[in-house]
1. Quick check on the range 168-180: of everything there that is surrounded by fewer than 19 Cβ atoms within 10 Å (Cβ to Cβ) and of a type in the set (A, V, I, L, M, F, W, C), which residue is nearest to ligand 2 (Cβ to nearest atom)?
2. Given (1) small (Gly, Ala, Ser); (2) surrounded by fewer than 17 Cβ atoms within 10 Å (Cβ to Cβ); (3) within 16 Å of the chain's Cα centre (by Cα), identify the lone condition not met by Ala81.
3. For residues in the range 54-70 being at pLDDT 90 or above and part of a loop (DSSP other than H, G, I, E, B), which is farthest from ligand 1 (Cβ to nearest atom)?
4. Hey, can you tell me all the residues within the range 48-62 that are more than 20 Å from Ala12 (Cα to Cα), more than 16 Å from ligand 2 (Cβ to nearest atom) and surrounded by fewer than 24 Cβ atoms within 10 Å (Cβ to Cβ)?
5. Determine which member of the set Phe183, Phe149, Phe218 is surrounded by 15 or more Cβ atoms within 10 Å (Cβ to Cβ) and more than 16 Å from ligand 1 (Cβ to nearest atom).
6. For the range 189-208, what are the residues that are buried (at least 22 other Cβ atoms within 10 Å of the Cβ), more than 16 Å from ligand 1 (Cβ to nearest atom) and touching a residue at least 40 places away in the same chain (Cβ under 8 Å)?
7. In this structure, does Tyr8 turn out to be buried (at least 17 other Cβ atoms within 10 Å of the Cβ) and under 26 Å from Glu167 (Cα atoms)?
8. Pick from Arg20, Arg109: which is buried (at least 19 other Cβ atoms within 10 Å of the Cβ) and away from ligand 2 (no atom under 16 Å from the Cβ)?
Amino acid sequence: MQTTLMIYDGTAPADSDVPRTGGVPLAPAGFAWPMCGSCCGGPLQFFAHLPVEDGVLSVFVCQNDPGACEFWDASSGANRAYLFPREGLQPVAVPETGLTLLPATSAIRTQLVTLDPDDTDDDDDGDELVPDAYDLARSDWKREPGERFGKQREVLGSVGGSPSYLEDDRLPACPSCAGTMDFAAHLEEGISSETAMNLGGQLGYVFVCRACRAGAFFTD
Ligand SMILES: [Zn+2]
Ligand SMILES: [Zn+2]
């Protein structure tokens with residue numbers, strides 16, 4: 001089982017074209033900052049800039065009313081994910097009011113982790129639980145022999161692979177063509193509670209429709 005974890009790698013310049021959470025979004029000219037379609041209609045908060053093979057994933061989440069605003073629903077309007085072309089991106093003008101930017105810009109490095117599910121020494125209460133590649137990789141990150149927990153907070157998510165513990169009925173439809181979408185990335189809240197995105201303690205999922213260059217984001 002292989003998982004490409006995204007690991008916290010210190011801070012990054014706010015407008016850099018590197019994998020990061022926080023900072024200022026980079027987008028094509030003319031891009032308008034997305035507003036929430038679920039609560040007060042205020043601006044979404046910029047979450048992540050993730051260069052991928054065929055462009056840049058750009059993710060926004062509403063933080064105006066966490067708990068009430070339905071960021072667990074990909075179609076609620078409380079989240080937005082885009083697949084931008086890599087060229088011609090420029091910093092987006094930030095709205096003057098609202099919860100638009102995270103308190104810190106966090107650089108991300110990727111780390112390929114290979115795990116044999118038979119080697120993991122979790123206390124098995126039963127054998128009905130199917131091993132989950134992302135969950136195993138995250139739980140094992142920097143875990144010393146004999147220790148129960150590693151440094152999970154350093155794990156900011158993963159790219160590629162398959163969605164962790166996601167029921168089929170939660171798979172999103174493309175907002176443009178209504179077709180099935182490909183899983184692209186997991187996003188965790190962040191390295192520290194002071195600088196993290198509030199996802200209600202849940203894991204975030206990014207999906208993409210490459211034909212439409214459309215994205216979707218929602219939480220567990
Ligand atoms: Zn909202
Ligand atoms: Zn589509």
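1. Of the range 168-180, the ones surrounded by fewer than 19 Cβ atoms within 10 Å (Cβ to Cβ) are 168-171, 173, 175-180.
Okay, now just the ones that are also of a type in the set (A, V, I, L, M, F, W, C), so 171, 173, 177-178.
Working: Leu171: 13, Ala173: 8, Cys177: 3, Ala178: 7 Å.
It comes out as Cys177.
2. (2)
3. Asp54
4. Once the filter is applied, which keeps residues that are more than 20 Å from Ala12 (Cα to Cα), more than 16 Å from ligand 2 (Cβ to nearest atom) and surrounded by fewer than 24 Cβ atoms within 10 Å (Cβ to Cβ), the range 48-62 yields only Glu53.
5. Matching residue, one of Phe183, Phe149, Phe218: Phe183.
6. Gly190, Tyr205, Val206, Phe207, Val208
7. On the way: buried (at least 17 other Cβ atoms within 10 Å of the Cβ): yes; under 26 Å from Glu167 (Cα atoms): no.
So Tyr8 fails the test.
8. Being buried (at least 19 other Cβ atoms within 10 Å of the Cβ) and away from ligand 2 (no atom under 16 Å from the Cβ) holds for just one of Arg20, Arg109, which is Arg20.
The values are calculated or read from the model by the stated rules, or taken from the named source; none is laboratory data. No experiment lies behind these values; they were computed from the predicted model shown. Every residue, glycine among them, receives a Cβ derived from its backbone with ideal geometry; neighbour counts consider all protein chains shown.
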